[in-house]
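Only one structure is covered here, and it is reproduced in the block below.
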């Protein structure tokens, strides 16, 4: 009786059944792993990392042990809401007569020295005084703001003095209705939101009545702080200062930031696209500040 054939080993049986294909399987498996790793950039896929446990990577793609800096969100500012819109509030006169009258009053020189700037205070004719408390209330707020140690006199470079004669002043601070404010020969209306302005050829710091009565959304109903901001900001233009953006996320905004439109750089920068002179004034860098009315807030 011929000897019984020996049982084939498992490898021999597989080779006999699948031939060369058995050798190809490990190679295909290795290639698959390489392709998957390449497509994910060497990082865990979404399925491989639980929510809240994503792995941070540096600029070179290497894993970082801990964040260098994290977000500092500021509430209630939200870029999804139009912070430049005029808030709801009291009524105001839409259109005046386009002429101004002086609010009588004088002050002593305020500030320790430097260049003296004399100013007069005006209100447009035809405004209902009940909307803003009357001429004297407006004038007192202006004078108190410019006399405050937190204002522009803080370092002795400039000083202020209120006078009665608008023809002899260095500039006039003029409460003005929106219709007059929007005129091309006053502030214009390139950006379609209410704003004040400095008009050098007129020598006028133009304060928009709508903003004086309603304020701005970024100030969260703090109308007094907004009014101080409006005066400080526009007088800052009269002193030669241009617009700037938020310097540090979560910090007080520079007084020369366009805070009537908001305190988020991305939003203000988007609005400035409508104004060719302001294209580069504010960067789109995600920084959000807190509202501030003063050039010297620590004063």
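The values are calculated or read from the model by the stated rules, or taken from the named source; none is laboratory data. Being a predicted model, the structure only gives us computed values, none of them experimental. A quick note on method: Cβ atoms are made from the backbone with ideal geometry, for glycine too, and the neighbour counts reach across all protein chains shown.
Under 10 Å from the mean Cα position of the chain (by Cα) and under 25 Å from residue 141 (Cβ atoms): does that describe residue 228? Against the criterion (under 10 Å from the mean Cα position of the chain (by Cα) and under 25 Å from residue 141 (Cβ atoms)), residue 228 does not qualify. With respect to (1) within 24 Å of residue 85 (Cα to Cα); (2) surrounded by fewer than 19 Cβ atoms within 10 Å (Cβ to Cβ), the lone exception for residue 173 is condition (2).
Just so you know, in segment 99-110 the residues that are surrounded by 15 or more Cβ atoms within 10 Å (Cβ to Cβ) and either in contact (Cβ under 8 Å) with a residue 60 or more places away in the chain or out of contact with any strand residue (DSSP E or B) (no Cβ under 9 Å at 6 or more places or on another chain) (or both) include one that is nearest to residue 163 (Cα to Cα), and it is 102.
Condition check ((1) within 27 Å of the chain's Cα centre (by Cα); (2) over 24 Å from residue 296 (Cβ atoms); (3) modelled with pLDDT under 95) across all residues:
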| site | (1), (2), (3) |
| --- | --- |
| 107 | no, no, no |
| 117 | no, no, no |
| 134 | no, yes, no |
| 141 | yes, no, no |
| 162 | no, no, no |
| 167 | no, yes, no |
| 173 | yes, no, no |
| 179 | yes, yes, no |
| 193 | yes, yes, yes |
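The residues of segment 146-168 that are farther than 14 Å from residue 108 by Cα and surrounded by 21 or more Cβ atoms within 10 Å (Cβ to Cβ), listed by number, are 151, 152.
For residues in segment 212-222 being out of contact with any helix residue (DSSP H, G or I) (no Cβ under 6 Å at 6 or more places or on another chain) and crowded, with 17+ Cβ neighbours inside 10 Å, which is nearest to residue 290 (Cα to Cα)?
218
Residues that are within 8 Å of the chain's Cα centre (by Cα) and either surrounded by fewer than 20 Cβ atoms within 10 Å (Cβ to Cβ) or in a helix (DSSP H, G or I) (or both) within segment 249-271 comprise 265, 266, 267, 268, 269, listed in sequence order.
Residues of segment 272-288 being in contact (Cβ under 8 Å) with a residue 12 or more places away in the chain, assigned to a loop (DSSP other than H, G, I, E, B) and in contact with a helix residue (DSSP H, G or I) (Cβ under 9 Å, 6 or more places away or on another chain), which ones? Can you show your working first?
The initial filter retains those residues of segment 272-288 that are in contact (Cβ under 8 Å) with a residue 12 or more places away in the chain, namely 272, 274-275, 278, 281-288.
Next, only the ones that are assigned to a loop (DSSP other than H, G, I, E, B) stay: 274-275, 281-287.
Answer for segment 272-288, where residues must be in contact (Cβ under 8 Å) with a residue 12 or more places away in the chain, assigned to a loop (DSSP other than H, G, I, E, B) and in contact with a helix residue (DSSP H, G or I) (Cβ under 9 Å, 6 or more places away or on another chain): 281, 282, 283, 284, 285, 286, 287.
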